[in-house]
Structure formats: structure tokens, C-alpha cells
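All remarks here apply to the structure that follows.
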Amino acid sequence: VGMVLVWSGVRSARWTEHWRNHDRLFARMIAADPRGYAGYWLAGVEASLQKRPTEGLALLEKAYTLEHRDRGLILDLGQALANHGRFARADSVYREGLQRAPGDSALNARLRALPAR
């Protein structure tokens, strides 16, 4: 019983390292499922919040290459693109989202808020 408890404690301690901060957690999500978009999306948002906008944009773009239908991802990527002055790409992302949901008021509002092209 003692060995099982020690083994379980060591194993638990090792895995809790991944929960110490968002960067570690999201990196672990990506490592566990490199074809899943959620880890890239969350890592991109976190990088942007941590004042690493170029890294954040790259991660959001990677997430978008894996999943084009998630409305939240479309909104986050479009905003990051607009923040980087990449208005044509933001326009394209919002329009792709509107093809799937033509009446989406948030996507329409974001598209109208982009500078005139």
C-alpha cells in the first residue's frame, strides 16, 4: 500500500506541473492533441494577453487552419489581425464566418468596424 501511495504521489506531482500556469497547460494541450485547435487558440489568446502579440497571432492562425467554424475563434483571430493592421485578412476571416452564419450580428459589426478598403 505504501508503494502505491508513493507512486501515486509522484505521478500526481509530475502532472500538476502542467497546471502551474496557462502557458504550460496550453503547451501540454497542444502536445497531447497537435491536430486539435483549442490548445493553439487558447495559447494564442494567452500570448496576446501576455504582450506577445506576434506569437499570439501565429497561434490563432494555426488554430484557424485546423478549425474554420468556431465563432469565438473567428472573432479572436479577426480582432488580432485588425490589431496588427492586417485588415484585408481580417475582412476575409469575418466574411468566411458570415458565409456559415449570415445573420451573426457580432461578425457583421466587426466587419463594418474595419477601415474602408
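The values are calculated or read from the model by the stated rules, or taken from the named source; none is laboratory data. The structure displayed is predicted, hence computed values, not measured ones. Cβ atoms come from the backbone with ideal geometry, glycine included; neighbour counts cover every protein chain shown. Accessible surface areas use protein heavy atoms only, side chains included; no ligands, DNA or RNA. Shrake-Rupley method; radii C 1.70, N 1.55, O 1.52, S 1.80 Å.
Residues to consider are Leu98, Leu81; find the one that is open to solvent by less than 20 Å² (accessible area, probe 1.4 Å) and either of a type in the set (A, V, I, L, M) or in contact with a helix residue (DSSP H, G or I) (Cβ under 7 Å, 6 or more places away or on another chain) (or both). Full working, then the answer.
Details: Leu98 fails: open to solvent by less than 20 Å² (accessible area, probe 1.4 Å).
Residue meeting the stated conditions: Leu81.
Just for the range 35-67: of the residues that are in a helix (DSSP H, G or I) and of a type in the set (Asp, Glu), which one is farthest from the chain's Cα centre (by Cα)? I'd like the intermediate steps shown before the answer.
Step one: filter the range 35-67 for residues in a helix (DSSP H, G or I), giving 38-49, 53-66.
Next cut, of a type in the set (Asp, Glu) only: 46, 55, 61.
On the way: Glu46: 8, Glu55: 11, Glu61: 8 Å.
By that ranking, first place goes to Glu55.
Which pairs turn up if I take residues in the range 106-117 that are surrounded by 15 or more Cβ atoms within 10 Å (Cβ to Cβ) and look for partners that are acidic (Asp, Glu) with beta carbon separation below 8 Å, at least 6 apart in sequence or on another chain?
From the range 106-117, the pairs are Leu111/Asp91; Leu114/Asp91.
Considering only the range 83-99, how many residues are in a helix (DSSP H, G or I) and closer than 21 Å to Arg52 by Cβ?
The number of residues fulfilling the criteria is 4.
Which one of these is in contact with a helix residue (DSSP H, G or I) (Cβ under 8 Å, 6 or more places away or on another chain) and under 13 Å from Ala38 (Cα atoms): Leu73, Leu114?
The match here is Leu73.
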